[in-house]
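The values are calculated or read from the model by the stated rules, or taken from the named source; none is laboratory data. All figures in this text were calculated on a predicted structure; none of them were measured in a lab. Note: ideal-geometry Cβ built from the backbone for every residue, glycine included; neighbour counts use all protein chains shown.
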Amino acid sequence: MNTWKRFSTLLAILALAMSFSIVSAQEETPEAPMDEEEEVENYCTEENYDEIAEMELYIPVISKGFQHQFWQAVQAGAEMAAEDCGVEITFEGPESESMVDRQLEMLQTALDRNPDAIAFAALDSQAAIPLLERADEEGIPVIGFDSGVDSEIPLATAATDNIAAAAFAADMMAELIGFEGQVAVIAHDQTSRTGIDRVDGFVERMEEEYPDIEVVDVQYGGGDHLRSTDLARSIILAHPELNGFFGANEGSAIGVLNAVLELDMTDDLVIIGYDSGLQQVEAVASGDMEGAITQNPIGIGYRAVEAAVMAVMGEELEEEIDTGFEFYTAENYEDEDIAALLYD
């Protein structure tokens, strides 16, 4: 095994076996999902490897895109699971997370190849339903990952609890701006479950728990850095009393960061992001961004492929496979359990 692979495997083990405990000084901060480390057992083992490998399973994995480092980390996890299980996968996604039609073409092409199962991260939670109904009719198990669909067809979805994670981001924002003021949100879309749930989780927590904080605007930049930068700049100029920004995915958060840096307002605005590509991690480490939610992208990819294999093997699946989250800051981003989830 080469050095890179040993390192990647170590990250996967750390990420998949970690406890998602999050520390805050505020009494109102929600307790962590787990208080102690809990080892996650993998389905594919040396004992059942030969049985699975002999079936020569083919599982296409269709993501929401390739433009962010998050998806490259998801792919790394999916490929690890494929190796552990002895199955063939392909991993693809559209060039941009706004290209719903292109993703549907990929899904249709994958179905035409008569796969044994499919793992799918929907850009539009409803547009893919007719194709998923075709998969169901043809007896092809569907596993969702990262972003679910408004359908009972997927047997399981491996994902972050985005509502809980975004609500936690709202708690952190409220604390950092002194529990009063104005905040805004830049998100990637309002069609995928991640886009919907992250906005809802953040906005609803603010409305329910922090009456002195107003969410003055929510805009959607398609996960594109430049478009998100333009939107953030416009919001800042329209709301001179703005105190903070929540960027709901990597592209959105970097767009907000760019706008704040261009306007030389890092001392005036609190930025909280979502995801953990290199630029975000560097911004958090430098203090330009106060903190961010990191998912477990390696774990998401791994568990999606693993669940697809289990579905083919007739195993019972949990409907929601929660892969957890952490909140990282300049003070804790180098901690072992969090560093394992940061990607570059």
Query raised in the report: Tyr274: among the hydroxyl-bearing types (Ser, Thr, Tyr), in contact (Cβ under 8 Å) with a residue 12 or more places away in the chain and more than 28 Å from Thr90 (Cα to Cα), yes or no?
Result: no
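Looking at this structure, is Asp150 in a loop (DSSP other than H, G, I, E, B), without any contact (Cβ under 8 Å) to a residue 60 or more places away in the chain, surrounded by fewer than 24 Cβ atoms within 10 Å (Cβ to Cβ) and not β-branched (Val, Ile, Thr)? Reasoning before the result, please.
Details: in a loop (DSSP other than H, G, I, E, B): yes; without any contact (Cβ under 8 Å) to a residue 60 or more places away in the chain: yes; surrounded by fewer than 24 Cβ atoms within 10 Å (Cβ to Cβ): yes; not β-branched (Val, Ile, Thr): yes.
Yes, satisfied.
Whether any residue in the stretch 129-141 is of a type outside the set (A, V, I, L, M), surrounded by fewer than 24 Cβ atoms within 10 Å (Cβ to Cβ), over 17 Å from Tyr302 (Cβ atoms) and touching a helix residue (DSSP H, G or I) at 6+ places or on another chain (Cβ under 8 Å) is what I want to check.
As a first pass, look at the stretch 129-141 and keep what is of a type outside the set (A, V, I, L, M): 130, 133-134, 136-139, 141.
After this cut, where a residue has to be surrounded by fewer than 24 Cβ atoms within 10 Å (Cβ to Cβ) as well, the list is 130, 133-134, 136-139.
Now restrict to residues that are over 17 Å from Tyr302 (Cβ atoms): 130, 133-134, 136-139.
Next, from what is left, pick out any that are touching a helix residue (DSSP H, G or I) at 6+ places or on another chain (Cβ under 8 Å): 134, 138.
Yes: the stretch 129-141 contains one or more residues that are of a type outside the set (A, V, I, L, M), surrounded by fewer than 24 Cβ atoms within 10 Å (Cβ to Cβ), over 17 Å from Tyr302 (Cβ atoms) and touching a helix residue (DSSP H, G or I) at 6+ places or on another chain (Cβ under 8 Å).
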Query raised in the report: So which residues in the stretch 44-67 are of a type in the set (Val, Ile, Thr) and without any contact (Cβ under 8 Å) to a residue 40 or more places away in the chain?
Result: Thr45
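Just the residues that are surrounded by fewer than 22 Cβ atoms within 10 Å (Cβ to Cβ) and in contact (Cβ under 8 Å) with a residue 60 or more places away in the chain, please, taken from the stretch 181-192. Explain how you work it out, then say what you get.
If we filter the stretch 181-192 for residues that are surrounded by fewer than 22 Cβ atoms within 10 Å (Cβ to Cβ), which is where we start, we get 181-182, 190-191.
Result: Gly181, Gln182, Thr191.
Can you pull out the residues in the stretch 290-310 that are among the hydrophobic types (A, V, I, L, M, F, W, C) and surrounded by 23 or more Cβ atoms within 10 Å (Cβ to Cβ)? Outline the logic, then answer.
So in the stretch 290-310, the residues among the hydrophobic types (A, V, I, L, M, F, W, C) come out as 292-293, 298, 300, 304-305, 307-310.
If the condition is that a residue be among the hydrophobic types (A, V, I, L, M, F, W, C) and surrounded by 23 or more Cβ atoms within 10 Å (Cβ to Cβ), then Ala292, Ile293, Ile298, Ile300, Ala304, Val305, Ala307, Ala308, Val309 are the ones that fit.
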Query - helices (runs of 4 or more DSSP H) lying entirely in the stretch 1-96 (those with 3 or more residues that are at pLDDT 95 or above) - result: 46-53, 69-85
Report summary line: When the stretch 193-214 is checked residue by residue, the ones that are buried (at least 19 other Cβ atoms within 10 Å of the Cβ) and in a strand (DSSP E or B) are Ile213
Report summary line: Picking from Gly251, Gly273, Gly287, the residue that is crowded, with 24+ Cβ neighbours inside 10 Å and within 20 Å of Glu334 (Cβ to Cβ) would be Gly273
Report task. Sort through Gly314, Gly277, Gly301 and tell me the only one that's within 12 Å of the chain's Cα centre (by Cα), outside the structural domain of Ala174 (by TED's automatic domain parsing) and not hydrophobic (A, V, I, L, M, F, W, C). Result -> Gly301
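Among residues belonging to the stretch 323-339 that are among the aliphatic types (A, V, I, L, M) and touching a residue at least 24 places away in the same chain (Cβ under 8 Å), point out the one that is surrounded by the most Cβ atoms within 10 Å (Cβ to Cβ).
To start, the set of residues in the stretch 323-339 that are among the aliphatic types (A, V, I, L, M) comprises 330, 338-339.
So of that shortlist, the ones also touching a residue at least 24 places away in the same chain (Cβ under 8 Å) come out as 330, 338.
Details: Ala330: 15, Ile338: 19.
My answer is Ile338.
So which residues in the stretch 79-116 are touching a Pro at 6+ places or on another chain (Cβ under 6 Å) and buried (at least 19 other Cβ atoms within 10 Å of the Cβ)?
Matches in the stretch 79-116: Gln103, Ala110, Pro115.
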